[in-house]
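Chemist: Input: one structure, supplied below.
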Amino acid sequence: MGEVTLIPVFEIRPGRIDDFRAAAAKVIERVKGEPGTLRYDQYLSDDGTRAMNIEVFRDADAFVHHNRNVADLLPAQFDAGPVVHLDVIGETNDAMREELASVAASWLMPFGSIDR
């Protein structure tokens, strides 16, 4: 099984940017201790209405560990900025799909690439 990348897009509720930032900061602080999380980048639109993460995990099992590790922190973040779109890129497994069953995700499998 190979790397898996998630790209969630959040729509930040009006007047909730500070709440979203505070909740996201708690998540990133906890993620720092996850050995299977290879990359976890957060981006915010200029107008503060939209955010996006690029999350790269060693494999689907590492994502499952991550999701369970931050589960108690996600309600505060999602309350301030719910996920409106999620791309899941790479090889997944049943456990990962179960973790994301409540989210409308696009599941993308590789079919060609180059690596330099």
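The values are calculated or read from the model by the stated rules, or taken from the named source; none is laboratory data. Keep in mind that this is a model prediction, so the values were computed, not measured. Cβ sites come from the backbone with ideal geometry, for glycine too, and all protein chains shown count toward neighbours.
Chemist: Tell me which residues, restricted to the stretch 40-53, are surrounded by fewer than 14 Cβ atoms within 10 Å (Cβ to Cβ) and either under 9 Å from the mean Cα position of the chain (by Cα) or among the acidic types (Asp, Glu) (or both).
Modeler: Result: Asp41, Asp46, Asp47.
Chemist: Right, next: Looking at the stretch 53-63, is at least one residue over 24 Å from Leu108 (Cβ atoms) and either modelled with pLDDT under 95 or out of contact with any Ser or Thr (no Cβ under 9 Å at 6 or more places or on another chain) (or both)?
Modeler: Within the stretch 53-63, none of the residues are over 24 Å from Leu108 (Cβ atoms) and either modelled with pLDDT under 95 or out of contact with any Ser or Thr (no Cβ under 9 Å at 6 or more places or on another chain) (or both).
Chemist: What residue, among those in the stretch 29-77 that are of a type in the set (Gly, Ala, Ser) and out of contact with any strand residue (DSSP E or B) (no Cβ under 9 Å at 6 or more places or on another chain), is nearest to Arg16 (Cα to Cα)?
Modeler: So, considering only residues that are of a type in the set (Gly, Ala, Ser) and out of contact with any strand residue (DSSP E or B) (no Cβ under 9 Å at 6 or more places or on another chain), the one nearest to Arg16 (Cα to Cα) is Gly48.
Chemist: Taking only pairs six or more apart or across chains, which ones have beta-carbon atoms under 6 Å, a first residue in the stretch 38-54 that is of a type in the set (Val, Ile, Thr), and a second residue that is in a loop (DSSP other than H, G, I, E, B)?
Modeler: Thr49/Ile12
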